[in-house]
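One structure is given here, and the rest of the page talks about it.
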Amino acid sequence: MTTIATDRIHDDSQRYNQDVMGIGSILLERGLISEEQLKGALAEQNRTGERLDHALVRLGFVSSTDVLEAIGQQFALPIVDLNTIEVDEEVLQTLPAKLVFKQRCVPIGRTNGTLRVATCDPFELTAFDELRLLTGMSIELVLADERDIRKFIRTHYGVAGDTLDELAGQGEAPESEFAATDADEIEQAQEASVIKLVNDLLVEAIRERATDVHIEPYEDTLMIRYRIDGVLGHAGVPPTVNRFRNAIISRIKIMANLNIAEKRLPQDGRISLRHKGREYDLRVSVIPMLFGEGVVLRILNKSAKMFELKELGMAEANLQRWDELISHPHGILLVTGPTGSGKSTTLYATLARIVSDEVKAITIEDPVEYHVDGVNQIQVQPQVGLTFAAGLRALLRHDPDILMVGEIRDLETADAAVQASLTGHLVLSTLHTNDATGALTRLLDMGVEPFLVASSLQGVLAQRLVRRICTACKTPYTPQPSELPPQFTLDGQTQLYQGHGCRECRNTGYRGRIGIYELLVISEHTRELVMARANAGRIARAAIEASELTLLHDAGFEKVRCGATTVSEVLRATKA
């Protein structure tokens with residue numbers, strides 16, 4: 001093992017910038033990055049202030065594994081896999097949680113007066129002198145992947161464990177909802193430690209690619225969970241967080257400009273957050289529950305790039321049909337699916353596909369999730385009367401060619417959308433139904449006249465998001481016939497794919513998501529069925545016979561055959 005003397009590290013502290021640049025040089029020498037990529041990363045480093053190697057990874061120019069190997073070569077440090085290491089509790093206690101979180105280094109072994117410490121950041125050179133002085137032992141450094149370090153800290157110290165320790169050291173927090181006055185809660189919520197605790201929870205959610213943060217109060221616990229790739233999982237916060245539940249909720253309310261004294265009624269707000277040069281919009285929902293107030297925060301990355309429809313997973317056949325539909329000068333096109341199924345993303349990708357200097361496009365949304373060049377976007381404001389329906393009627397006076405309505409929620413909005421389409425506008429919107437044919441009967445149930453639905457609706461796209469198999473741990477396997485549902489056929493294949501779990505995917509076997517789509521093209525026969533108020537099942541059967549409808553599970557199974565996802569994932573996403 002290679003032991004780095006902390007005295008030598010301290011003497012070399014002036015070489016910080018050279019060491020960071022040295023990583024870039026090593027990657028360049030190995031042919032892992034180009035000169036142009038290095039220049040691009042340097043420009044990004046100057047813009048955001050982040051480390052060069054971090055910029056290279058974030059921009060997708062190189063993998064974190066390659067960077068780790070380059071750092072190991074630069075510092076002559078061995079690399080360890082923390083996922084395979086068991087550490088005694090006595091060793092973990094040799095370093096205080098505050099230092100572990102601050103320096104992102106963890107103790108993993110101790111022998112003969114030498115403490116073995118894993119780090120992902122050997123550039124903070126003076127930190128290891130602090131470790132030697134604090135422990136009175138020699139320090140042997142090893143390298144570990146940054147994600148493994150974070151996972152290790154989350155597992156053994158908990159998310160924000162250092163801040164919770166600091167809060168606990170400041171004295172008991174009142175546990176009862178009525179134990180503190182509003183003034184006390186405001187004061188607690190504005191303490192530096194509480195502010196850092198909430199920030200740590202939100203930043204960790206962003207790092208883990210979470211789309212939602214759930215804060216749920218129970219009688220003796222405060223549960224915090226992150227939704228990642230559509231599935232909820234525990235955030236790994238220590239149980240002591242329960243003592244500070246009131247301060248956490250109050251801090252979130254302050255950030256979202258909500259009434260901190262109101263604990264009986266639901267409240268909605270919004271938080272703007274900036275992290276590593278990126279803007280995030282957090283939609284906040286607070287609801288009173290049996291043992292306190294529950295909070296859900298929806299995380300929207302305002303800096304995220306817009307995807308194209310093909311990147312989202314739309315098959316070529318459906319893409320051609322959808323292109324034909326969106327080229328129509330008027331009519332209504334609906335995208336349907338449950339909450340969180342990617343409907344808005346599909347609409348944005350559709351808009352980007354058809355907007356040009358020759359057409360005027362206006363959207364009315366709640367909220368505006370992406371900024372689209374060349375599109376006039378409006379934020380709904382119900383408090384002043386700017387609803388979807390009212391905004392849609394007003395927009396017709398702005399001579400638009402294309403209108404996008406965030407969601408058709410009621411008869412008033414549906415009628416306004418129909419009238420807009422009948423007066424020569426292409427209207428794009430979303431609707432909450434399980435499948436494409438369900439959108440027809442849903443509009444009828446809302447109270448829209450059958451002849452209006454039949455004459456205005458051009459097509460319906462239903463969708464779901466399924467988790468992608470992690471490319472880092474993707475392996476082929478031969479399924480047993482009993483593992484496959486009756487409607488799935490291998491079509492001559494003998495092998496499918498699955499992920500066995502790794503650090504890239506948090507040991508889930510999945511990383512990222514891809515869309516599966518069901519497209520219904522409205523034909524004359526379908527219009528006749530709508531006029532006759534036929535049910536969704538009858539419309540679906542007729543559309544399938546006429547090859548006017550592609551089914552969700554068929555699109556999902558095609559993704560299974562090409563190795564993008566698994567049978568179980570498709571069944572989970574498409575079950576009624």
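The values are calculated or read from the model by the stated rules, or taken from the named source; none is laboratory data. Since the model is a prediction, treat every value here as computed from it, not as a measurement. Neighbour counts are summed over all protein chains in view; Cβ atoms, including those assigned to glycine, are modelled from backbone coordinates with ideal geometry. These area figures cover heavy atoms from the full protein model, side chains too; ligands, DNA and RNA do not enter into them. Shrake-Rupley method; radii C 1.70, N 1.55, O 1.52, S 1.80 Å.
First compute the accessible area of the chain with a 1.4 Å probe, then give the percent of it belonging to carbon and sulfur atoms.
Exposed carbon and sulfur together represent 49 percent of the surface.
Return the FRET efficiency for the residue pair GLU29, LYS276: r is the Cβ-Cβ distance, R0 is 30 Å, and the value is rounded to the nearest 0.05.
0.60
First select every other residue whose beta carbon is under 15 angstrom from the beta carbon of PRO476; then total the charges, Lys and Arg +1, Asp and Glu -1.
Neighbour charge sum, excluding PRO476 itself: +1.
At 1.4 Å probe size, put CYS562, CYS473 in order of accessible surface, largest to smallest.
Of CYS562, CYS473, the descending order of accessible area is CYS562, CYS473.
For the range 478-515, which chymotrypsin sites (Phe, Trp or Tyr not before Pro) are in a loop by DSSP, counting at most 13 other Cβ atoms within 10 Å? Show your work: numbers first, answer last.
Details: sites: PHE488, TYR497, TYR510; in loops: PHE488.
Sparse-neighbourhood loop chymotrypsin sites (Phe, Trp or Tyr not before Pro): none present.
Might you list the cysteines of the chain that have no disulfide-compatible partner by the rule of another cysteine's Cβ under 4.7 Å?
CYS105, CYS120, CYS562
Which of LYS102/LYS196; LYS102/LYS151; LYS196/LYS305; LYS276/LYS305; LYS98/LYS151 have a Cα-Cα distance over 20 Å? Display every interim value, and only then the final one.
Details: LYS102/LYS196 12 Å; LYS102/LYS151 15 Å; LYS196/LYS305 29 Å; LYS276/LYS305 16 Å; LYS98/LYS151 16 Å.
Exceeds cut-off: LYS196/LYS305.
Report the GluC sites (Glu not before Pro) located in the range 343-399 that are in a DSSP loop and have at most 12 other Cβ atoms inside 10 Å of their Cβ, or state none.
When the GluC sites (Glu not before Pro) of the range 343-399 are filtered for loop state and at most 12 Cβ neighbours within 10 Å, GLU358 remain.
Accessible area per residue of the chain at 1.4 Å probe, in Å²?
46 Å²
Taking all protein chains together and a probe of 1.4 Å, list THR565, THR114 from the most accessible to the least accessible.
THR114, THR565
Please list the three semi-axes, largest first and in whole Å, of the ellipsoid equivalent to the chain, using sqrt of 5 times the eigenvalues of its alpha carbon gyration tensor.
After scaling each eigenvalue by five and taking roots: 48, 30, 23 Å.
Per residue, how much space in cubic angstrom lies within the convex hull of the C-alpha atoms of the range 271-320?
Measuring per residue, one finds 131 Å³ for the Cα hull of the range 271-320.
Provide the net charge surrounding LEU300, with neighbours chosen by a C-beta distance below 15 Å and charges set as Lys +1, Arg +1, Asp -1, Glu -1.
Net charge in that neighbourhood comes out at +3.
Just from its helices, what would the mean residue ellipticity at 222 nm be for the chain, if runs of 4 or more DSSP H residues each count -39500 (n - 2.57) and the sum is divided by every residue, rounded to the nearest 500 deg cm²/dmol? Write out the running numbers ahead of the final one.
Numbers: 24 runs with 227 residues, N = 576.
Helix contribution divided over all residues of the chain: -11500 deg cm²/dmol.
Report the rotationally averaged projected area of the range 308-450 based on its alpha-carbon convex hull, in square nanometres.
About 8.6 nm², averaged over all directions.
What FRET efficiency comes out for the pair LYS102/ALA76, r = Cβ-Cβ distance, R0 = 25 Å, nearest 0.05?
Once rounded, the FRET efficiency stands at 0.50.
Net charge around ARG110, counting only other residues with Cβ within less than 15 Å of its Cβ (Lys, Arg = +1; Asp, Glu = -1)? Walk me through the numbers before you get to the answer.
Values: positive: ARG116, ARG132; negative: GLU86, ASP88, GLU89, GLU90, GLU140.
Residues near ARG110 contribute -3 overall.
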